[in-house]
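Worksheet: one structure, shown below.
The values are calculated or read from the model by the stated rules, or taken from the named source; none is laboratory data. Keep in mind the model is a prediction, meaning the values are calculated, not measured. Note that each Cβ is placed from the backbone with ideal geometry, even for glycine, and that neighbours are counted across all protein chains shown.
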Amino acid sequence: MITRISRNRDRAFSTRNAVLFLLAALSMAWTGACLADDYPDGCVSCHVGDTPKPKSAYRLDLQLADLGHGKGGERTKEIPTGCFRCHASTGDGAAGKLGPYIHLIHFRGEKNPFLKKYGGDCSSCHQMDPNTWRAVAKSGPRNWEMTVGDTKIPD
Amino acid sequence: MKDRFRVLWAAALSGLFFCAGIAVADEFPEGCVSCHVQKIGDVDFRLNTLLAQIGHRKVDRLKVIPRDCGRCHASDDGEDSFTVMIHQIHFDVPNINLFVQRYGGACTHCHEVNTESGEAGLKNGPKNW
């Protein structure tokens with residue numbers, strides 16, 4: 001009798017443990033999903049589409065052309081690092097600093113697709129540099145080919 | 001057992017919320033002082049208490065946190081700047097850092113973007129001591 005009770009208890013215990021384990025695994029998977037970097041190169045890891053529809057991020061050369069931006073953006077090799085040659089971080093470049101322009105684009109308006117579809121995460125564009133403990137904008141090579149007239153210019 | 005069960009549920013749920021990031025209501029609207037509160041369990045987690053324990057001079061006269069920390073701590077002062085200090089405290093050794101593990105390590109716990117100017121800055125709040 002006593003042994004049976006304790007065996008039952010054991011079984012109850014192990015099912016509970018299994019549930020606990022599952023939950024623990026689930027919550028770890030969640031944390032993992034959050035911590036894994038979906039956009040290791042920042043802008044160019046997310047701006048990958050060829051068309052503006054459905055409302056999502058499409059290639060930056062196209063997106064900038066839509067805004068009526070000059071060709072300087074398209075000619076840039078490292079995004080956004082190369083953009084700083086005009087948009088200096090100090091604010092005293094030829095064009096305004098990039099941070100405020102980019103923040104407004106991605107954070108203004110409740111229906112902003114960056115907030116709605118992409119979670120509005122600073123870490124999609126920034127990372128903490130563990131040597132200097134300063135946050136920097138992630139960067140990566142452009143994901144389009146340059147064209148002059150109708151001719152593609154290889155890198 | 002039941003307690004552990006609840007704790008794990010809470011962990012899973014909060015995991016969900018952290019993933020949603022900015023889309024959910026802001027848990028820490030005033031930054032530092034919304035999180036460094038008088039009671040986390042049995043611990044007094046307020047900044048005046050924590051700082052006293054690491055031998056920091058008194059911070060009783062400050063009014064707005066972290067703005068007034070800037071009376072002595074410059075934001076751009078090389079390796080010892082406030083930026084470097086506060087970032088390192090909250091992000092170093094991520095696998096055991098409580099800010100990363102328990103609070104999801106979100107920039108937006110401390111920072112916010114001003115949707116008029118586009119500048120990113122710090123949240124502030126009156127001292128809670």
Please enumerate the residues belonging to the range A:119-148 that are in a loop (DSSP other than H, G, I, E, B), surrounded by 18 or more Cβ atoms within 10 Å (Cβ to Cβ) and at the interface with chain B (Cβ under 10 Å from one of its Cβ atoms).
-> A:Gly120, A:Asp121, A:Trp133
Picked from the range B:87-115 (must be in contact (Cβ under 8 Å) with a residue 60 or more places away in the chain and in a loop (DSSP other than H, G, I, E, B)), the residue nearest to the chain's Cα centre (by Cα) is B:Cys110
Residue satisfying all of: in the range A:61-97; surrounded by 14 or more Cβ atoms within 10 Å (Cβ to Cβ) and in contact with a Pro (Cβ under 9 Å, 6 or more places away or on another chain); farthest from B:Asp76 (Cα to Cα) among these = A:Leu62
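Please determine, by comparing only the residues of the range A:92-118 that are among the aliphatic types (A, V, I, L, M) and within 8 Å of chain B (Cβ to nearest Cβ), which one is farthest from A:Pro80 (Cα to Cα).
Just the residues of the range A:92-118 that are among the aliphatic types (A, V, I, L, M), to begin with: A:94-95, A:98, A:102, A:104-105, A:115.
From what's left, within 8 Å of chain B (Cβ to nearest Cβ): A:102, A:104, A:115.
Working: A:Ile102: 10, A:Leu104: 16, A:Leu115: 20 Å.
Selected residue: A:Leu115.
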Quick check, is B:Ser75 within 14 Å of chain A (Cβ to nearest Cβ) and either assigned to a strand (DSSP E or B) or farther than 24 Å from A:Asp37 by Cα (or both)?
-> yes
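Suppose the filter is acidic (Asp, Glu), over 15 Å from the mean Cα position of the chain (by Cα) and surrounded by 13 or more Cβ atoms within 10 Å (Cβ to Cβ); does B:Asp68 pass it?
On the way: acidic (Asp, Glu): yes; over 15 Å from the mean Cα position of the chain (by Cα): yes; surrounded by 13 or more Cβ atoms within 10 Å (Cβ to Cβ): yes.
For B:Asp68, the condition - acidic (Asp, Glu), over 15 Å from the mean Cα position of the chain (by Cα) and surrounded by 13 or more Cβ atoms within 10 Å (Cβ to Cβ) - is met.
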Looking at (1) closer than 14 Å to A:Gly140 by Cα; (2) modelled with pLDDT of 95 or more; (3) not hydrophobic (A, V, I, L, M, F, W, C), which is the only condition A:His87 fails?
-> (1)
Please enumerate the residues belonging to the range A:79-137 that are touching a residue at least 60 places away in the same chain (Cβ under 8 Å) and of a type in the set (Ser, Thr, Tyr).
-> A:Tyr118, A:Ser123, A:Ser124
